[in-house]
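Here is the structure we will look at, set down as structure tokens.
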Amino acid sequence: MAAPPGEYFSVGSQVSCRTCQEQRLQGEVVAFDYQSKMLALKCPSSSGKPNHADILLINLQYVSEVEIINDRTETPPPLASLNVSKLASKARTEKEEKLSQAYAISAGVSLEGQQLFQTIHKTSSSGRRCGCLQELTFHLLSFSSIKDCKWQEKNIVVMEEVVITPPYQVENCKGKEGSALSHVRKIVEKHFRDVESQKILQRSQAQQPQKEAALSS
């Protein structure tokens, strides 16, 4: 049930909503548009990171109950300035990632290939230390962010220099021997090592209740 005519929400107020799916949402009002019945709430970050927050956009047409927990009456602080260029760049990047993911799925690329592509695409050399000044310079210039990563049918092409063919293992990395090929191979090796570690952790967590039940019986 949407908010009745004349009702509004003050920025900074604490509001609790119950959706038509009986989900309870609570947060601080950051924006409200009466015409579209859209309410934006700021909630604690689901990632648990400090100084971060989740912004929920709620369509009040699909809300059965709205309760104002704490109505803010004083003038809200001025809105923070937005870096429009940065936001537009992020939007383009996310669009490209979604289109790339859609292509991979339509081309029948395996889940392992899709995951590796995302890992390479998001890899930055900023966290990688190198003792060789020449190689370090190469990485800073060429691998500050590996955004030049694309699909060529089912193959992953990195920086127009390295091609990774199915099943996307280290031995499937082909290209001219040098820093680029070596760097990509190390990324692929670490990716699958991390994947295997995650699988072991998940199996361990899945077996934990059974172990506890066996000990208690």
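Residues that are in a loop (DSSP other than H, G, I, E, B) and either among the β-branched types (Val, Ile, Thr) or touching a strand residue (DSSP E or B) at 6+ places or on another chain (Cβ under 6 Å) (or both) within the stretch 38-69 comprise SER45, SER46, listed in sequence order.
Annotation: of all residues in the stretch 1-15 being at pLDDT 85 or above and of a type in the set (A, V, I, L, M), the one that is nearest to VAL29 (Cα to Cα) is VAL11.
All conditions but one from (1) within 26 Å of PRO167 (Cα to Cα); (2) open to solvent by less than 60 Å² (accessible area, probe 1.4 Å); (3) not basic (Lys, Arg) apply to LEU41; the one that does not is (1).
Scanning the stretch 44-67 for residues that are open to solvent by less than 70 Å² (accessible area, probe 1.4 Å), closer than 15 Å to ARG18 by Cα and not small (Gly, Ala, Ser) returns LEU56, ILE58, ASN59, LEU60, VAL63, GLU65, VAL66.
Going by what's in this entry, would GLN35 be described as out of contact with any Leu (no Cβ under 6 Å at 6 or more places or on another chain) and touching a residue at least 40 places away in the same chain (Cβ under 8 Å)? Spelling it out, it is not the case that GLN35 is out of contact with any Leu (no Cβ under 6 Å at 6 or more places or on another chain) and touching a residue at least 40 places away in the same chain (Cβ under 8 Å). Answer yes if at least one residue in the stretch 51-60 is at pLDDT 85 or above and among the small types (Gly, Ala, Ser), and no otherwise. Within the stretch 51-60, one or more residues are at pLDDT 85 or above and among the small types (Gly, Ala, Ser). Could you grab me the full set of residues in the stretch 129-168 that are part of a loop (DSSP other than H, G, I, E, B), modelled with pLDDT under 50 and of a type in the set (Phe, Trp, Tyr)? Selection gives PHE143 alone.
Yes or no: GLN26 touching a Cys at 6+ places or on another chain (Cβ under 9 Å), in contact (Cβ under 8 Å) with a residue 24 or more places away in the chain and on the phi < 0 side of the Ramachandran plot?
yes
Modelled with pLDDT of 90 or more, in a loop (DSSP other than H, G, I, E, B) and either of a type outside the set (S, T, N, Q) or touching a Leu at 6+ places or on another chain (Cβ under 9 Å) (or both): does that describe VAL109? So VAL109 fits the description; yes.
Of note, LEU181 satisfies the criterion of being in a helix (DSSP H, G or I), over 19 Å from VAL109 (Cα atoms), at pLDDT below 95 and touching a Cys at 6+ places or on another chain (Cβ under 9 Å). Residue count for the stretch 85-94 satisfying the condition of being more than 15 Å from ASP148 (Cα to Cα) and either in contact with a helix residue (DSSP H, G or I) (Cβ under 8 Å, 6 or more places away or on another chain) or open to solvent by 80 Å² or more (accessible area, probe 1.4 Å) (or both): 4.
The values are calculated or read from the model by the stated rules, or taken from the named source; none is laboratory data. These numbers were taken from a predicted model, which means no experiment stands behind them. Cβ: placed from backbone, ideal geometry, glycine included. Neighbour counts: every protein chain shown. When the accessible area is computed, the model is the full protein with side chains, heavy atoms only, and any ligands, DNA or RNA have been set aside. Shrake-Rupley method; radii C 1.70, N 1.55, O 1.52, S 1.80 Å.
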